[in-house]
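Take a look at the structure set out below.
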Amino acid sequence: MSALEEKVDMIFADPPYFLSTGKGTVKIGQRYIDFDKGDWDRIRSNSEKDKFNYEWLKKCQEILKDSGTIWVCGTYHNIYSVANCLQSLGFKILNMIVWQKADPPKTLTNQRFNFSAEYIIWARKCEKVNHYFNYELMEAMNNGVHMPDVWKLPAPGTWEKTCGKHPTQKPLRLLYRIILASTREGETILDPFAGSCTTGIAANLLNRKFVGIEQDEKFITLANKRRLELESKVRASQLYERMSENPEEVQVLVNHVRSTLQPLMIEKGITYMRAGESKGSILVTPGFERMGYVLLHTNGENCHLYKLKNKGSFQIWTKETLEAHGFHPEHALYYMVLHFDNSKEINFSKHPKLRQGINTYRSKIRPLSDFIGLK
Ligand SMILES: C[S@@+](CC[C@H](N)C(=O)[O-])C[C@H]1O[C@@H](n2cnc3c(N)ncnc32)[C@H](O)[C@@H]1O
């Protein structure tokens, strides 16, 4: 860090948590899991942890701009030490983010609760110098409500491990949110414990500059492979799409309706779909509880977006019940029916691209950000 010539706008650090006992692989059920991350993560005494954390955080303080902020990850093994060092150095703690893992692995012992969270301290360098926070964007990403400090995100998926694995790789979705919240395009981000450079990949995809420091050659090789992947525009845009998905985001049902039927649907505040999995129907997936809006369109034209009366709920109606409401369904005996609020149409800032293929307008589910637009 001392070799860096220019100061940076933001630091993301995922330091050793000091968890590894050196015991290696443990058998759980039929699976062998390696709980040893490497020598760099070996358990240390409290005073050794404090000394190490104080030293690297002091270097960070020197290289960070006065208006800059730092994010540091941890669990109870290191996070108190990190918090104490930050405060002794004069940083101002802004938040302690709880990353609630959507899919936590099973904890080895039955003597405690299952570990399912990590913590990320967000602090600014100076008590008196303001920092940057993109409040509006975070609010928009959280369906118009002030983004809370508990983030439910899954562990990194196979789609972000195509170049190999780092034992403690962070998910791109976590970095996506952190970078958008605390930096502007063109700014410089430093990661002093870069590992496979998840921070660098997210930074590149979001048009930020990146400096990473890593001690282990094999992780640098892995990080370089990940960087090279971005040279393929197709791969870069795939990664961007997956990274920007918000697993908690409210979903929109995009429903193709006949032009003759659309006015009746709007008048009654009812959209219906054939039940089952046949062509033209919707598969009810676990994400359905996040369904909050319905977009009606005819061949990609004449789009209307409405809020569902009850998020994530639908009823199964018989053909006869629908007929009693003025509809004339022809294809099945039972239909999934969603009720929306027809008194308030919602404006969208991005016109949705709805064509899936030639003459194909199947119902599908899209995140709300596809329609209201996030920048
Ligand atoms: C928790 S991992 C970071 C993983 C990273 N966030 C990712 O997504 O791949 C910490 C990394 O810091 C590296 N490291 C540990 N001590 C270091 C030091 N003193 N200087 C540079 N790198 C170090 C380790 O080799 C390890 O790859």
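Taking a spot 7 Å from the Cα of Ser47 along the direction of its beta carbon, which residues of the range 74-112 have an amide N less than 17 Å from it?
Correct set: 81.
Which three lengths, in whole Å and largest first, does the range 251-372 cover when its Cα atoms are put on their principal axes?
That works out to 38, 33, 31 Å along the principal axes.
Give the order of Trp151, Trp159 when sorted by the count of other beta carbons within 10 angstrom, beginning with the fewest.
Lowest count first: Trp159, Trp151.
As a footprinting exposure proxy, order Lys125, Lys161, Lys101, Lys353 by other Cβ within 10 Å, with the fewest listed first.
Lowest count first: Lys353, Lys161, Lys101, Lys125.
Loop only per DSSP, at most 12 neighbouring Cβ atoms within 10 Å: give me the GluC sites (Glu not before Pro) in the range 149-219, ordered by residue number.
Glu185
How far, in nm, would the chain grow between Leu137 and Thr21 when pulled straight, counting 0.36 nm per residue and subtracting the alpha carbon separation?
Between Leu137 and Thr21, full extension yields 37.6 nm more.
Rounded to whole Hz and in sequence order, give me ³J(HN,Hα) for the range 206-218 from the Karplus expression 6.51 cos²θ - 1.76 cosθ + 1.60, θ = phi - 60°, writing x for Gly and Pro.
Coupling constants for the range 206-218: 9, 6, 10, 8, 9, 10, x, 10, 8, 8, 9, 3, 5 Hz.
Counting only residues 5 or more places away or on other chains, whose amide H sits under 5 Å from the amide H of Leu94 once H atoms are built in the peptide plane?
Excluding prolines and chain starts, which carry no amide H, the hits are Trp122, Ala123, Arg124.
Fully extended, how many nm does the chain gain between Ala102 and Lys128 (0.36 nm per residue separation, minus their Cα-Cα distance)?
Gain on stretching Ala102 to Lys128: 5.7 nm.
Return a single number: how many Lys pairs in the range 251-372, at a sequence separation of 8 or more or on separate chains, have alpha-carbon atoms below 22 angstrom apart.
Within the range 251-372, the lysine pair count is 20.
If you line up the long axis of helix 233-244 against the longest principal axis of the chain, both from Cα atoms, how many degrees apart are they, to the nearest 10?
90 degrees
Would you order Asp50, Asp14 from fewest to most other beta-carbon atoms within 10 Å of each residue's own beta-carbon?
Placing the least packed residue first, the sequence is Asp50, Asp14.
When the helix-only estimate is applied to the chain (DSSP H runs of n ≥ 4, each -39,500 (n - 2.57), divided by the residue count), what is the mean residue ellipticity at 222 nm, nearest 500 deg cm²/dmol?
Taken over the chain, the calculation gives -7500 deg cm²/dmol.
Kindly list the residues of the range 205-234 that lie in the label zone of Glu6, defined by a backbone N under 19 Å from the point 7 Å along the Cα-to-C-beta vector.
Counting only backbone N, you get 205-213.
Would any residue of the range 294-312 have its amide N under 12 Å from a label point 7 Å out along Cα→Cβ of His351? List them or say none.
Counting only backbone N, you get 300-303.
With each pseudo-label sitting 7 Å past Cα toward Cβ, what's the Ile365-Ser88 distance in nm, one decimal?
Modelled inter-label distance: 4.9 nm.
Using Cα-Cα distances under 8 Å and only pairs 6 or more residues apart, what relative contact order does the chain have, in percent?
Value for the chain: 13 percent.
Between Asp341 and Glu62, how many nm apart are label points set 7 Å from Cα along the C-beta direction?
5.6 nm
At each listed q (0.10, 0.11, 0.14 Å⁻¹), what is the log10 of I(q)/I(0) that the Debye formula gives for the range 8-244 modelled as equal alpha-carbon point scatterers?
Rounded to two decimals, the profile gives -0.47, -0.58, -0.97.
Modelling each spin label as a point 7 Å along the Cα-to-Cβ direction, I'd like the Thr318/Asp149 distance in nm, to one decimal.
That separation, rounded to one decimal, is 5.5 nm.
Laboratory data are not the source of any read-out in this text; all were calculated from the coordinates shown. Note that the structure is predicted; figures quoted are calculated from it, not measured. Virtual Cβ from ideal backbone geometry, glycine too; neighbours counted across all protein chains shown.
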